[in-house]
Amino acid sequence: IGDESRLNTPLFFGAVGLANTLLLWPGFILLHFTGIETFQLPHSGSMWAMILVNAFVGTFLSDYLWLLSMLMTSPLVVTLGLSLTIPLSMAGDIIFKGLAVSLPYYVGAALVLAGFIGANL
């Protein structure tokens with residue numbers, strides 16, 4: 001793509017939203033009426049708040065930042081950057097949950113980090 005001026009970002013995300021609406025909703029309806037997965041709306045305001053925050057941060061913001069990083073770097077760097085979630089989630093488990101991990105976990109995290117740094121040199 002090269003730079004941001006060559007891409008109509010609202011049109012791109014609009015097309016993604018339209019494709020999701022047209023292609024995914026029929027599956028939800030089918031699953032609901034066959035009894036495989038029952039669909040129901042959230043019952044409390046806090047559930048709606050969590051859904052809206054997740055929709056903004058986990059979907060819109062992450063996709064937007066992914067697209068910008070793709071324009072600023074390259075697909076390889078962005079894909080390797082996404083793989084950094086593996087060692088970062090491990091660090092979060094160690095810090096917040098007190099998880100004790102063995103040496104192979106640290107070696108694997110170091111290899112993922114080294115691959116990212118090596119691709120950026």
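Residues that are within 23 Å of Pro26 (Cβ to Cβ) and open to solvent by less than 80 Å² (accessible area, probe 1.4 Å) within segment 36-50 comprise just one, Pro42.
For segment 23-39, the condition holds for at least one residue, the condition being that it is β-branched (Val, Ile, Thr), farther than 30 Å from Met72 by Cα and in a helix (DSSP H, G or I).
In a residue-by-residue description of segment 85-103, the property of being of a type outside the set (Phe, Trp, Tyr), loosely packed, with under 11 Cβ neighbours inside 10 Å and under 24 Å from Gly118 (Cα atoms) applies to at least one position. The C-beta contact set for segment 4-22 (first residue surrounded by 10 or more Cβ atoms within 10 Å (Cβ to Cβ), second residue charged (D, E, K, R), distance under 8 angstrom, 6+ apart or interchain) comprises Phe13/Asp63; Val16/Asp63.
The values are calculated or read from the model by the stated rules, or taken from the named source; none is laboratory data. In this text the structure is predicted, and so the values were computed from the model without any measurement. Glycine gets a Cβ as well: all are built from the backbone with ideal geometry, and neighbour counts include every protein chain shown. Accessible surface is based on the protein model in full, side chains and every heavy atom, while ligands, DNA and RNA are left aside. Shrake-Rupley method; radii C 1.70, N 1.55, O 1.52, S 1.80 Å.
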